[in-house]
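Peer 1: Have a look at the structure that comes next, please.
The values are calculated or read from the model by the stated rules, or taken from the named source; none is laboratory data. Please read these numbers as outputs of a predicted model, since none were measured by experiment. Counting neighbours? That spans all protein chains shown, and the Cβs are built from the backbone with ideal geometry, glycine included.
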Amino acid sequence: MAELSVALFGAGRIGNVHAANIVAHPDTRLRYVVDPVDSAAEALVSRTGAERVDEVTALDNPGVAAIVICSDTSTHAGLIESGIGAGKAVFCEKPIDLDIKRVRSVLDTIDGSELPLFVGFNRRFDPAVAEVRRRAGTGELGDIELVTVVSKDPDGGLPIEYLKVSGGMFRDMTIHDFDMARHLLGEEPTTVSATAATLVSQDIADIGDIDTASISMQTASGKIAVITNSRRCSAGYDQRVEVHGSTGTARTDNVPKSMFSIETAGGTQRDNPKFFFTDRYAESYALEWGRFVEVLRNGAAPEPTGVDGYRALLLAEAAYLSLEERRTVTVNETENRVLGAG
């Protein structure tokens with residue numbers, strides 16, 4: 001079976017993560033790298049044996065089966081449309097765009113295409129998360145009542161220059177948690193209530209962003225999801241989920257740097273959690289790529305889809321509306337406002 005040729009757009013940190021998984025997978029070949037930054041592009045092609053080309057060359061080659069979009073967020077929407085238009089399957093890192101109207105436009109543009117759009121919410125593929133969802137789906141936990149998602153960045157946070165263009169905490173960081181809540185609830189939230197503050201960094205306050213938040217959501221049937229976020233966690237990368245049902249509870253825990261621990265009369269010590277997402281979610285990124293290959297090879301349904309990307313961003317918009325107006329808002333009223341329908 002011939003390898004599937006892939007063109008990668010973006011040779012930054014997340015681009016390197018995906019490039020390694022493309023090269024490691026027996027069914028895929030990294031054919032092209034597209035990036036305007038010479039040093040980043042050349043470093044990646046030297047490690048992978050790919051060829052650096054421009055966007056037109058990558059899209060025009062009929063031998064390229066798929067494109068992987070890891071470039072600046074501002075390029076995602078246009079590349080999705082160009083990729084689908086050129087007959088390529090598309091894997092796109094979140095978000096599709098920071099403007100939800102633009103996301104809606106992209107989905108309308110590609111509507112009817114048989115080519116898949118796969119959106120990179122990699123945390124769904126974490127083995128522990130997948131097992132929690134599987135157990136919930138079997139009915140082992142009874143009727144799902146409460147989903148809790150905890151996500152805190154390691155102490156030190158992200159560069160302020162990145163945060164300035166990130167779209168804000170809810171669109172950049174919490175969007176993963178909105179997707180996770182939807183994924184584990186099995187239903188769409190209909191109301192959102194957000195509380196937030198800037199407690200971690202004056203620099204973040206100066207750019208008008210937040211760094212500490214709690215969001216509560218509820219579905220039409222009454223199920224509740226609670227998300228807690230912080231841009232600071234002194235111990236490391238805090239990533240936990242819990243699904244509580246009428247007959248049981250399933251949860252994940254943080255992944256330590258090593259399995260070392262020591263127990264003495266003075267207490268127990270163990271390693272802190274892994275420090276950042278590239279370490280904590282290395283396996284999930286590889287499994288995510290494997291799933292995308294199944295989509296390409298076997299026609300499996302893409303998941304997460306462009307609609308998942310839209311719904312997660314819509315919840316972010318609802319959280320901002322709740323924060324601004326200091327009240328619980330409905331997702332429907334948020335959608336009407338941001339799309340200009342009401």
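Peer 1: Find all pairs meeting these conditions: Cβ atoms under 8 angstrom apart; at least six residues apart or on different chains; first residue within region 251-265 and under 19 Å from residue 237 (Cβ atoms); second residue among the small types (Gly, Ala, Ser) and not in a strand (DSSP E or B).
Peer 2: These pairs meet every condition: 252/128; 253/128; 254/236; 257/236.
Peer 1: Does residue 64 count as farther than 17 Å from residue 288 by Cβ and in contact with a Lys or Arg (Cβ under 9 Å, 6 or more places away or on another chain)?
Peer 2: On the way: farther than 17 Å from residue 288 by Cβ: yes; in contact with a Lys or Arg (Cβ under 9 Å, 6 or more places away or on another chain): yes.
Yes, satisfied.
Peer 1: Continuing with this model, one more query. Tell me which residues, restricted to region 245-259, are more than 19 Å from residue 277 (Cα to Cα) and buried (at least 18 other Cβ atoms within 10 Å of the Cβ).
Peer 2: Across region 245-259, the qualifying residues are 245, 250.
Peer 1: Next question, about the same structure. Restricting attention to region 51-67, report how many residues are surrounded by 13 or more Cβ atoms within 10 Å (Cβ to Cβ) and out of contact with any helix residue (DSSP H, G or I) (no Cβ under 7 Å at 6 or more places or on another chain). Working first, answer last.
Peer 2: To start, the set of residues in region 51-67 that are surrounded by 13 or more Cβ atoms within 10 Å (Cβ to Cβ) comprises 51-53, 55, 57-59, 61, 64-67.
Next cut, out of contact with any helix residue (DSSP H, G or I) (no Cβ under 7 Å at 6 or more places or on another chain) only: 53, 55, 57-58, 61.
The number of residues fulfilling the criteria is 5.
Peer 1: To continue, here is another question. Just give me the residues in region 186-206 being surrounded by 22 or more Cβ atoms within 10 Å (Cβ to Cβ) and either outside the structural domain of residue 216 (by TED's automatic domain parsing) or more than 18 Å from residue 168 (Cβ to Cβ) (or both), in sequence order.
Peer 2: Within region 186-206, just 189 meets the criteria.
Peer 1: Considering only region 167-258, give the strands (runs of 3 or more DSSP E) lying wholly within it that have at least 3 residues that are among the small types (Gly, Ala, Ser). Give the derivation first.
Peer 2: On the way: elements: 189-197, 212-219, 224-230, 238-245, 249-251.
Output list reads 189-197, 212-219.
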